[in-house]
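**Q** Input: one structure, supplied below.
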Amino acid sequence: MDFKKIIAISALVLLVLIYHKSKQPISLGYGIKAPNTPEQRNLDNAKPFKHEQFEITPLAEFAIKAKVILKENYSSDRESDISPTDLALGWGRMSDESVLEKIEFSQSGRWYRYRYNAPPIPQQEIQTHSANMHLIPANDFVAKQIERVRAGQVIEIGGKLVKVFNSDNGMKWQSSLTRNDIGGGACELIYVEQLEIIEG
């Protein structure tokens, strides 16, 4: 094998390793990283606005600081036209890696799932201090910030919980307005106006 082929293969292997490492969760160590519950102020009679081909109606002002448990990108469902990324987020003791390491997490099909042999904290606390959140980037800058997010990081999000309507295909999608629900319709749908990576 000539020298140029060796260099090319070595460069390819290095790129694969860098890509693989970039997808690995970031460890920040034990301890609660996001102690506070999300902040929410419900809105009455907020006017809808256009976002590309969608009509968006704000339901509540929303802000959250949380640890990213999982991240999943979507491109093939009709929701991905407006929300290409879901983040499973945890706060309180669900932002502590000593708790998270005892739970097995998965994310697909716009769902966030977990299981364990024995709950490290009460089941209700797991449910009320973590959630799958569908992100709608308000602009290109926010979209690029979302692309940078990795599992394990601590982030802050500011924006609005919304409902979405697409008159072209009749799609309706509405955010949950509580952290206490589970199952279908329990996810937050966030029009993200700002996102900052705090740790990681």
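**Q** Between Asn139 and Asn117, what FRET efficiency follows from the Cβ-Cβ distance if R0 is 41 Å, with the result rounded to 0.05? Kindly include the intermediate steps, with their values, before the conclusion.
**A** Numbers: r = 44 Å, r/R0 = 1.06.
That gives a FRET efficiency of 0.40.
**Q** How many Lys pairs in region 40-178 lie less than 17 angstrom apart by Cα atoms, where the lysines are 8 or more positions apart or on different chains?
**A** 11
**Q** Additional query: Which log10 I(q)/I(0) values, to two decimals, does region 73-172 give at q = 0.13 Å⁻¹ under the Debye formula with one point per Cα?
**A** Taken in order of the listed q values, log10 I(q)/I(0) reads -0.55.
**Q** Of all the accessible heavy-atom surface of the chain, with the other protein chains kept in place and a 1.4 Å probe, what percent is carbon and sulfur? Provide the component values of the computation, followed by the final result.
**A** Values: 5810 of 11300 Å².
Heavy-atom surface of the chain belonging to carbon and sulfur, 1.4 Å probe: 51 percent.
**Q** Starting from the amide H of Ile69, placed 1.01 Å from N in the peptide plane, find each other amide H under 5 Å away whose residue is 5 or more places distant or on another chain.
**A** For Ile69, the qualifying residues are Ala88, Leu89, Gly90, Gly152.
**Q** While we're here: From the phi of every residue in region 107-122, what ³J(HN,Hα) in whole Hz does the Karplus formula 6.51 cos²θ - 1.76 cosθ + 1.60 yield, where θ is phi - 60° and glycine or proline is x?
**A** These are the phi-based 3J(HN,Hα) values: 8, 6, x, 6, 10, 10, 10, 8, 8, 7, 6, 9, x, x, 9, x Hz.
**Q** Sequence-distant or interchain residues sharing an amide H contact under 5 Å with Cys187, placed H: which?
**A** Under 5 Å from the amide H of Cys187: Ser176.
**Q** Going by alpha carbons, how many degrees (0 to 90, nearest 10) lie between the helix axis of 3-22 and the longest principal axis of the chain?
**A** Once rounded, one gets 30 degrees.
**Q** Now for a different question. Step through the residues of region 65-76 one at a time and calculate ³J(HN,Hα) from phi using the Karplus curve (6.51 cos²θ - 1.76 cosθ + 1.60, θ = phi - 60°), rounding each to whole Hz and writing x for Gly and Pro.
**A** Computed from phi, the couplings for region 65-76 are 10, 7, 8, 7, 7, 8, 9, 9, 9, 10, 9, 10 Hz.
**Q** Mind giving me the nanometre distance, one decimal, between the label points for Gln174 and Asp44, set 7 Å out from Cα along Cα→Cβ?
**A** The answer from the label model is 1.8 nm.
**Q** Placing one identical point scatterer on every Cα of the chain and ignoring solvent, what is log10 I(q)/I(0) from the Debye formula at q = 0.13, 0.17 Å⁻¹?
**A** -0.72, -1.13
**Q** 7 Å from Cα along Cα→Cβ at both Asp77 and Leu28: what's the point-to-point distance in nm?
**A** So the two model labels end up 2.6 nm from each other.
The values are calculated or read from the model by the stated rules, or taken from the named source; none is laboratory data. Given the structure is predicted, the values throughout are model-derived calculations rather than measurements. Heads up, the Cβs are rebuilt from the backbone with ideal geometry, glycines too, and the neighbour counts pull from every protein chain shown. All accessible areas refer to the heavy atoms of the entire protein, side chains included, with ligands and DNA or RNA removed. Shrake-Rupley method; radii C 1.70, N 1.55, O 1.52, S 1.80 Å.
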